[in-house]
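Engineer: The following block contains the structure, expressed as structure tokens.
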Amino acid sequence: MNGNMNGCAFRFAGQDFIARASGALYWPSQDMLIVADLHLGKSERMARRGGALLPPFESRETLQRLRAEMAAVSPSHLALLGDVYDDDAAAEALAPQDRADLDSIMAGCRCTLLSGNHDARTGAEEIALAGITLRHIAGDGPDISGHYHPKATLAGRSRPCFLIGAQHVILPAFGHYTGGLRHDSPALSALVPEGRAILTGRAALAIPLNRAG
């Protein structure tokens, strides 16, 4: 596995990938950028359900980051692996500027929308390419998914991360305000008992899972 300031290259199921420091995954042979768990409209959904009041800027920040990734990579295909919205009502309540930004991003290339457990009406449940299934929640591998928002700790600092195992690649959440689940939680340990974590942040950093905290 190779690493640099923008991403770490790795092979999975006979294909080459680049895990980007942003939390997006690039698949060169498909010229595809893959992101998971944008959770657009989370602050609106929490306010609507009587939860904590959060500053209502997370969707704009997430979309700005996605636009920056699209500009940096210039893929011909964008795949969003479910939970694009924090729920189906949040999709309808998205602020006009945020809706226009998302539509503009998706209009720039072929776009595949998959549904998640938060937004069942967003799109298809899964697609298969080159023997790999793209879906929201990991199933029969080899597959690429999101949902769990994995994190790992190195030198006392917890960071969102990719988990790379023999049968599953699990992406970190790309959205703001999304929290996370430790890589060694029972759910994630069952899916990726061995392999690597690629930490995101200012630079992508690959570490064996047995070194991650």
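Engineer: Looking at the range 189-213, which of its residues are closer than 30 Å to residue 60 by Cβ and not β-branched (Val, Ile, Thr)?
Structural biologist: Scanning the range 189-213 gives 197, 199, 201, 202, 203, 204, 205.
Engineer: Among the residues of the range 165-195, write down those that are surrounded by fewer than 23 Cβ atoms within 10 Å (Cβ to Cβ) and touching a residue at least 60 places away in the same chain (Cβ under 8 Å).
Structural biologist: Once the filter is applied, which keeps residues that are surrounded by fewer than 23 Cβ atoms within 10 Å (Cβ to Cβ) and touching a residue at least 60 places away in the same chain (Cβ under 8 Å), the range 165-195 yields 176, 177, 178.
Engineer: Here's a follow-up. Check the range 102-113 and report whether any residue there is among the β-branched types (Val, Ile, Thr), in contact with a Ser or Thr (Cβ under 8 Å, 6 or more places away or on another chain) and touching a residue at least 40 places away in the same chain (Cβ under 8 Å).
Structural biologist: Within the range 102-113, none of the residues are among the β-branched types (Val, Ile, Thr), in contact with a Ser or Thr (Cβ under 8 Å, 6 or more places away or on another chain) and touching a residue at least 40 places away in the same chain (Cβ under 8 Å).
Engineer: Next question. Search the range 124-157 for residues being charged (D, E, K, R) and assigned to a strand (DSSP E or B), and hand back the single one that is least open to solvent (accessible area, probe 1.4 Å).
Structural biologist: 143
Engineer: Just wondering, is there one or more residues in the range 95-117 that are of a type in the set (Lys, Arg) and touching a strand residue (DSSP E or B) at 6+ places or on another chain (Cβ under 8 Å)?
Structural biologist: Yes, the range 95-117 contains at least one residue that is of a type in the set (Lys, Arg) and touching a strand residue (DSSP E or B) at 6+ places or on another chain (Cβ under 8 Å).
Engineer: State which residue is surrounded by the most Cβ atoms within 10 Å (Cβ to Cβ) when the search covers only the range 102-123 and only residues that are modelled with pLDDT of 90 or more and within 20 Å of residue 178 (Cα to Cα).
Structural biologist: The qualifying residue surrounded by the most Cβ atoms within 10 Å (Cβ to Cβ) is 116.
Engineer: Is the range 168-179 home to any residue that is over 13 Å from the mean Cα position of the chain (by Cα) and among the polar types (S, T, N, Q)?
Structural biologist: no
Engineer: Considering each of 53, 40, 94 in turn, give the residue that is of a type outside the set (Asp, Glu), open to solvent by 60 Å² or more (accessible area, probe 1.4 Å) and at pLDDT below 95.
Structural biologist: One residue alone meets the criteria, 53.
The values are calculated or read from the model by the stated rules, or taken from the named source; none is laboratory data. All values derive from a computational prediction rather than experimental measurement. Neighbour counts are summed over all protein chains in view; Cβ atoms, including those assigned to glycine, are modelled from backbone coordinates with ideal geometry. Surface accessibility is based on the protein's heavy atoms, side chains included, excluding ligands, DNA and RNA. Shrake-Rupley method; radii C 1.70, N 1.55, O 1.52, S 1.80 Å.
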